[in-house]
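Novice: A single structure is presented below for examination.
The values are calculated or read from the model by the stated rules, or taken from the named source; none is laboratory data. Just so it is clear, the model here is predicted, and its values are computed rather than measured. Note: ideal-geometry Cβ built from the backbone for every residue, glycine included; neighbour counts use all protein chains shown.
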Amino acid sequence: MGDFHNPEGDLDRFRFRLGFSAVLVLVCFSILLARFIWLQVIQHDFYQTRAEDNRIALIPIVPNRGVITDRNGIVLAHNYSAFTLEITPSQAGNLEETIDALASVIDIQPKDRKRFKRLLDEAKNFESIPIRTRLTDTEVAAFAAQRYRFPGVEVKARLFRQYPLGKVGSHALGYIGRITERDLKWIEEAERQPNYKGTDHIGKTGLEQHYEFELHGETGYEQVEIDAGGRALRSLKRIPPVSGNNLQLTLDIKLQEITEKAFGERKGALVAIEPETGGILAFVSNPTYDPNLFVDGISPENWKELNEHPDKPMVNRAINGAYPPGSTFKPFMALAALETGKRTPSQAISDPGFFTFGNHTFRDDKKGGHGSVDMYKSIVHSCDTYYYVLANDMGIDNIAKFMAQLGFGQRTGVDLGKDDSGESKGVLPSPEWKKQRFKRPEQQKWYAGETISIGIGQGYNAYTPMQLAQATATLANNGVMFRPHLVRHIVDTKTEEKRQVEPKPIRDLNLKEKNLEVIHRSMLGVIKEGTGARAFAGAPYLAGGKTGTAQVFSLKGADYKASAVKQHLRDHALFIAYAPIDKPKIALAVLVENGGFGAQSAAPIARMVLDYYLLGKLPAGAAKEDSDAVEEERDE
Amino acid sequence: MDIAGTLKRWWLNLIAHIDFPLLLITLTIMAVGLATVNSATIDSTHRMLSQAGNMGFALVVMWFVSRLPPQKLMNFAIPLYIVGVVLLIAVFLFGIKINGARRWLSIGFTRIQPSEIMKIAMPLMLAWYFQKYEATLRLKHYLIAALILVVPFGLIAKQPDLGTALLVGGAGFFVIFLAGLPWKIIIGLIAAGAAAAPMLWHALHDYQQKRILTLIDPTTDPLGSGYHIIQSTIAIGSGGVFGKGYLNGTQTHLEFIPEKHTDFIFAVYSEEWGLLGNAVLLFLYTLLIGRGMMIASGASTLFSRLLAGAITLGFFTYAFINMGMVSGILPVVGVPLPFMSFGGTALVTLFLGIGILMSIHTHRMLVKK
């Protein structure tokens, strides 16, 4: 900018600047072109895929869950289709207003609103959430007429799990519920996430959980073209789902029902096993609960009631309750003595009614003692002194070694729950166990005096009814042991092939026939002339049995303390049995919490079960307590 | 014969001030734009006819303006600028707030956006100013020019409307640049701008900061401000070399592209016509700018040179910012694609510019005569 004005110079400068701008324009346009080449040539495949992903959605089609039937084909768990009213929050606008307006068309209870809120918190925005389940046809019609008023609300047909028999067998069946964070982890660990797209329920306990991946089936899907709002425009491809595999159980649901009735109001557990296969015929933990409550998501009131009930209906006593076996342990002790050569059947002791070890006296229930007691008499009359002496003679290591073979103190591996998580190990006492169990050195030491009461099934002994039943079944099957199981076979939906679950025994204890014969004879004696005679009076079949009483105050079950604290200190009653004695078809263990003596309340239940299973005899009602048995029971 | 003669004279008079190369280029771009608006709205609002109407009206505006000699246009410079600034102040004081931005002024029956006036008024005013002081240009004149530029720019940026502010500021700056702003000052301004960038950053509104951040990494906010960029780059990239074919863009027709018939129409076009289509469009814009520069270069007065140059470079700014933001190399600001995006106001402003270019070009020949 000089002081003088030069028009020609100005024009040149203008043209130069214009030319400079033109170069700038070309540079900028070249940058754009380079960007387009980058996006449309070099990165084309990537963006092509992204566009396809945008365009195509896979809508999962949830398979039908497998059906569970009992050994006779009676349906225990199945699915039924019902209409639900569902809201997709992202499309519905104001949810409160929508629900209020819906309530004028269809009955919506406060509990429905509560559940909706809960599910809304868990769900993603684009999923539809049920506000009402199980609509009647009239309700569906009423809504259909008003549909236009409710964007984002629709009626959907969904499958619901149903347990037609309600409470019966619920501790075996378990139940399904909505998938939680923990379940997601499980699915991830099993690497089954793709198959669970669209699934919102999963087995929570029992068979439903153990066989989750059999029952679930294969998720199908539909490939649909969608727009940015997620609306499906047209179907491109459809892969149908494959229904889950069906389970046929070894359980006899009639027997189950009768057994549960036999318990009545009493707490306890019963496990009945087919000795030849390990198949479980009845699996009772009383009280029980209705698994149907869980299917739609259990209401907080119901959940509170079940969890805070003093009888703890949610606790599976058969596999989670660990109880001292009491005198039902004696036949196994006797067998151990014979097998290890510590006793012969005829070897007798003279029972003064007590046994002194060091400066401690262990008493027999019968004052003055049983006189001369051999092995037969020790089982039939449940002589404690005989077993005090025997335990002392055998030593804790020998006892623990033999009992471990029978499965005591280990998980039976019954097909319930996830992995081992659902089952308690119980306590098979041994010096090693004590070392692990206690922290302080003076507690860790095993004292010889502690061995004495182990002999009569007290002391640190604590086993689940399931373990006791397994040991009884193994005894009934002459030492050939099976893993107890509830599923007889899995019916593959695709191939219709039946896969048997447990065809092979896990172990043969190789017990000597003559030793077994002694124990069988003695246990037959129990119900013929001993502590079980009253309960089995008039039975047209021969059975082996043993009564037992477990002292509540010495209860050791680490998993199950609540009941002991809560209830009166009445003893637990136990009974083990198998029949017919020459070729047992059924072996069982019964436990009645706070039931007093084994003969008083546990044996009558066992009798009822055997009568029904062997004779088809239907009982009149709950098994009555045999109050007259009290006197006789003092023998125990 | 006489009638034919009359008709011929009437026709010659009618087209006397039309620059056919410019008209042909703009009509071609508009035809492409019309077809793309059709594709973008065929599933829903059917805006093609409405846009054709806008175009017809804009062409009439262009015709009128092209007939006004540049001297007449100069007379509009000061009043238009003053009216523009007054209206912008009015917006600042009484404007209608929509979506957090105060851009509109209610004038009873309708709403107007005064910043739109500034797109023409600004270069007009500055070109007039430099023409007036052509002979005695000193540094203080650049300072005054800068003031003329900064006041409306500040008012528009404050609304906030960064896109329009950039276009208005750009148009003004081009005038000052073409008028001969010393390079030393230009380089100094760039250096000062770079140094002040951190402070400028804090002066930006949250949503503006967010747009720049999402430009660097759109995936930080895939459902919010990053969504536009992600979906438009997917549309462009998936178009490939030859495009998916007219009306076959999945991103377009499944509604993944937001604002697809207005600011993001380029994504629609690019998805369906591919790299080849983009090259053609860039070529058309280059032709348009080239023709504009030719007109500027041959203009007879400083006023018309500066005005023509600034308007032409304004077209470039529009096109570059729009395609840059849609393809993800510039932040998202509200700038339409010239002659392509749907919308009457923008078209009228653009054709005002075309009309001015034609006026400058055709009246130059008359002056020479």
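Novice: Run A:Leu511 past the list (1) under 19 Å from A:Thr277 (Cα atoms); (2) touching a helix residue (DSSP H, G or I) at 6+ places or on another chain (Cβ under 7 Å); (3) part of a helix (DSSP H, G or I) and report the number of the one that doesn't hold.
Specialist: Exception for A:Leu511: condition (3).
Novice: Using beta carbons and a limit of 7 Å, which pairs, at least six apart or on different chains, have the first residue in segment A:430-445 and in the same structural domain as A:Gln458 (by TED's automatic domain parsing) and without any contact (Cβ under 8 Å) to a residue 12 or more places away in the chain and the second one surrounded by 13 or more Cβ atoms within 10 Å (Cβ to Cβ) and not basic (Lys, Arg)?
Specialist: Every condition considered, the pairs that remain are A:Lys435/A:Gln444; A:Phe438/A:Gln444.
Novice: Mind checking which residues of segment A:354-390 are under 23 Å from A:Phe575 (Cα atoms), outside any strand (DSSP E or B) and hydrophobic (A, V, I, L, M, F, W, C)?
Specialist: Those that are under 23 Å from A:Phe575 (Cα atoms), outside any strand (DSSP E or B) and hydrophobic (A, V, I, L, M, F, W, C): A:Met375, A:Ile379, A:Val380, A:Cys383, A:Leu390.
Novice: Right, another one. When only residues in segment B:197-231 that are more than 18 Å from B:Glu259 (Cα to Cα), modelled with pLDDT under 75 and exposed (fewer than 11 other Cβ atoms within 10 Å of the Cβ) count, which is nearest to the chain's Cα centre (by Cα)?
Specialist: B:Ile216
Novice: Oh, and also: Can you tell me which of A:Asp10, A:Asp70 is acidic (Asp, Glu) and within 14 Å of chain B (Cβ to nearest Cβ)?
Specialist: A:Asp10
Novice: If I ask for residues that are at the interface with chain A (Cβ under 7 Å from one of its Cβ atoms) and outside any helix (DSSP H, G or I), which ones from segment B:286-333 would you list?
Specialist: B:Ser327, B:Ile329
Novice: While we're here: Quickly run through segment B:93-123 and pick out the residues that are in contact with a strand residue (DSSP E or B) (Cβ under 7 Å, 6 or more places away or on another chain), touching a residue at least 24 places away in the same chain (Cβ under 8 Å) and among the hydrophobic types (A, V, I, L, M, F, W, C).
Specialist: Selection gives B:Ile112 alone.
Novice: Using the structure shown, decide if A:Pro291 is assigned by TED's automatic domain parsing to the domain that holds A:Asp364 and closer than 26 Å to A:His489 by Cβ. Before the answer, list the steps.
Specialist: On the way: assigned by TED's automatic domain parsing to the domain that holds A:Asp364: yes; closer than 26 Å to A:His489 by Cβ: yes.
Here the answer is yes, as A:Pro291 does meet what is asked.
Novice: When residues of segment B:167-187 are filtered for being more than 13 Å from the chain's Cα centre (by Cα), within 13 Å of chain A (Cβ to nearest Cβ) and assigned to a helix (DSSP H, G or I), how many remain? So that I can check it myself, show each step before the final result.
Specialist: Looking only at segment B:167-187, we keep the residues that are more than 13 Å from the chain's Cα centre (by Cα), and these are B:173-187.
Adding the requirement that they be within 13 Å of chain A (Cβ to nearest Cβ) leaves B:173-186.
Checking which are assigned to a helix (DSSP H, G or I) leaves us with B:173-178, B:183-186.
Final tally of qualifying residues: 10.
Novice: Considering each residue of segment A:569-580, count those that are closer than 21 Å to A:Ile280 by Cβ and surrounded by fewer than 18 Cβ atoms within 10 Å (Cβ to Cβ), and give that number.
Specialist: 1
Condition check ((1) assigned to a helix (DSSP H, G or I); (2) aromatic (Phe, Trp, Tyr); (3) assigned by TED's automatic domain parsing to the domain that holds B:Thr312) across all residues:
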{"position": "B:Ala77", "(1), (2), (3)": "yes, no, no"}
{"position": "B:Tyr81", "(1), (2), (3)": "yes, yes, no"}
{"position": "B:Ile89", "(1), (2), (3)": "yes, no, no"}
{"position": "B:Leu105", "(1), (2), (3)": "no, no, no"}
{"position": "B:Ile117", "(1), (2), (3)": "yes, no, no"}
{"position": "B:Ile120", "(1), (2), (3)": "yes, no, no"}
{"position": "B:Leu126", "(1), (2), (3)": "yes, no, no"}
{"position": "B:Gln131", "(1), (2), (3)": "yes, no, no"}
{"position": "B:Ala135", "(1), (2), (3)": "yes, no, no"}
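Novice: Also: Could you list all residues from segment B:258-317 that are small (Gly, Ala, Ser) and under 25 Å from B:Ala52 (Cα atoms)?
Specialist: B:Ala267, B:Ser270, B:Gly274, B:Gly277, B:Ala279, B:Gly292, B:Gly314
Novice: Just to be sure I understand the filter: pairs with C-beta atoms under 6 Å, separated by 6 or more residues or on different chains, first member in segment B:126-153 and surrounded by fewer than 22 Cβ atoms within 10 Å (Cβ to Cβ) and of a type in the set (Asp, Glu), second member at pLDDT 90 or above and assigned to a helix (DSSP H, G or I). Which pairs pass?
Specialist: Note: pairs meeting the criteria are B:Glu134/B:Leu302.
Novice: Determine whether A:Val284 is modelled with pLDDT of 90 or more and either in contact with a strand residue (DSSP E or B) (Cβ under 9 Å, 6 or more places away or on another chain) or assigned by TED's automatic domain parsing to the domain that holds A:Lys583 (or both). Working first, answer last.
Specialist: Values: modelled with pLDDT of 90 or more: yes; either in contact with a strand residue (DSSP E or B) (Cβ under 9 Å, 6 or more places away or on another chain) or assigned by TED's automatic domain parsing to the domain that holds A:Lys583 (or both): yes.
So A:Val284 passes the test.
Novice: Taking segment A:131-162 on its own, how many of its residues are in contact (Cβ under 8 Å) with a residue 60 or more places away in the chain and assigned to a strand (DSSP E or B)?
Specialist: Number of matching residues: 11.
Novice: Does A:Gln410 satisfy being surrounded by 13 or more Cβ atoms within 10 Å (Cβ to Cβ) and either more than 27 Å from the chain's Cα centre (by Cα) or on the phi > 0 side of the Ramachandran plot (or both)?
Specialist: no
Novice: Would you confirm whether any residue within segment B:107-116 is more than 30 Å from B:Thr252 (Cβ to Cβ) and under 18 Å from the mean Cα position of the chain (by Cα)?
Specialist: So far as segment B:107-116 goes, yes, one or more of its residues are more than 30 Å from B:Thr252 (Cβ to Cβ) and under 18 Å from the mean Cα position of the chain (by Cα).
Novice: Among the listed residues A:Val23, A:Val62, A:Val27, identify the single one that is more than 9 Å from every other protein chain (Cβ to nearest Cβ) and at pLDDT below 95.
Specialist: Working: A:Val23 fails: at pLDDT below 95; A:Val27 fails: at pLDDT below 95.
Exactly one residue qualifies, and that residue is A:Val62.
Novice: Further, regarding this structure: Tally up the residues in segment A:132-191 that are at pLDDT 85 or above, of a type in the set (Ser, Thr, Tyr) and crowded, with 17+ Cβ neighbours inside 10 Å, please.
Specialist: Within segment A:132-191, residues that are at pLDDT 85 or above, of a type in the set (Ser, Thr, Tyr) and crowded, with 17+ Cβ neighbours inside 10 Å number 3.
Novice: Here's something else I'd like to know. Take segment A:36-51 and flag every residue that is closer than 11 Å to B:Leu275 by Cα and either surrounded by 19 or more Cβ atoms within 10 Å (Cβ to Cβ) or assigned by TED's automatic domain parsing to the domain that holds A:Ala228 (or both).
Specialist: Of everything in segment A:36-51, those that are closer than 11 Å to B:Leu275 by Cα and either surrounded by 19 or more Cβ atoms within 10 Å (Cβ to Cβ) or assigned by TED's automatic domain parsing to the domain that holds A:Ala228 (or both) turn out to be A:Phe36, A:Leu39, A:Gln40, A:His44.
Novice: Inside segment A:538-577, can you point out the residues that are modelled with pLDDT of 90 or more and either of a type in the set (Ser, Thr, Tyr) or outside the structural domain of A:Gln600 (by TED's automatic domain parsing) (or both)?
Specialist: Scanning segment A:538-577 gives A:Tyr541, A:Thr547.
Novice: Also: Limited to segment B:237-276, what total is found for residues that are buried (at least 21 other Cβ atoms within 10 Å of the Cβ), at pLDDT 90 or above and within 7 Å of chain A (Cβ to nearest Cβ)?
Specialist: 5
Novice: In this structure, does B:Thr349 turn out to be within 10 Å of the chain's Cα centre (by Cα), farther than 27 Å from B:Asp206 by Cα and more than 14 Å from chain A (Cβ to nearest Cβ)?
Specialist: Values: within 10 Å of the chain's Cα centre (by Cα): yes; farther than 27 Å from B:Asp206 by Cα: yes; more than 14 Å from chain A (Cβ to nearest Cβ): yes.
In short, yes.
Novice: Can A:Thr493 be described as of a type in the set (S, T, N, Q), under 27 Å from the mean Cα position of the chain (by Cα) and not in a helix (DSSP H, G or I)?
Specialist: Answer is yes for this residue.
Novice: Need the failing condition index for B:His46 against (1) in contact (Cβ under 8 Å) with a residue 24 or more places away in the chain; (2) assigned by TED's automatic domain parsing to the domain that holds B:Phe283; (3) not in a helix (DSSP H, G or I), just the number.
Specialist: All conditions pass for B:His46, except number (1).
Novice: Got a number for residues in segment A:224-251 being within 14 Å of chain B (Cβ to nearest Cβ), exposed (fewer than 14 other Cβ atoms within 10 Å of the Cβ) and not in a loop (DSSP other than H, G, I, E, B)?
Specialist: Going through segment A:224-251 one residue at a time, the tally reaches 4.
Novice: Among the residues of segment A:205-220, is any surrounded by fewer than 22 Cβ atoms within 10 Å (Cβ to Cβ) and assigned to a strand (DSSP E or B)?
Specialist: Yes, segment A:205-220 contains at least one residue that is surrounded by fewer than 22 Cβ atoms within 10 Å (Cβ to Cβ) and assigned to a strand (DSSP E or B).
Novice: Further question on the same structure: How about segment A:447-483: which of its residues are aromatic (Phe, Trp, Tyr), at pLDDT 90 or above and over 23 Å from the mean Cα position of the chain (by Cα)?
Specialist: Initial filter on segment A:447-483 (aromatic (Phe, Trp, Tyr)): A:447, A:460, A:463, A:482.
Going one step further and asking which of them are at pLDDT 90 or above, we end up with A:460, A:463, A:482.
The one that is aromatic (Phe, Trp, Tyr), at pLDDT 90 or above and over 23 Å from the mean Cα position of the chain (by Cα): A:Tyr460.
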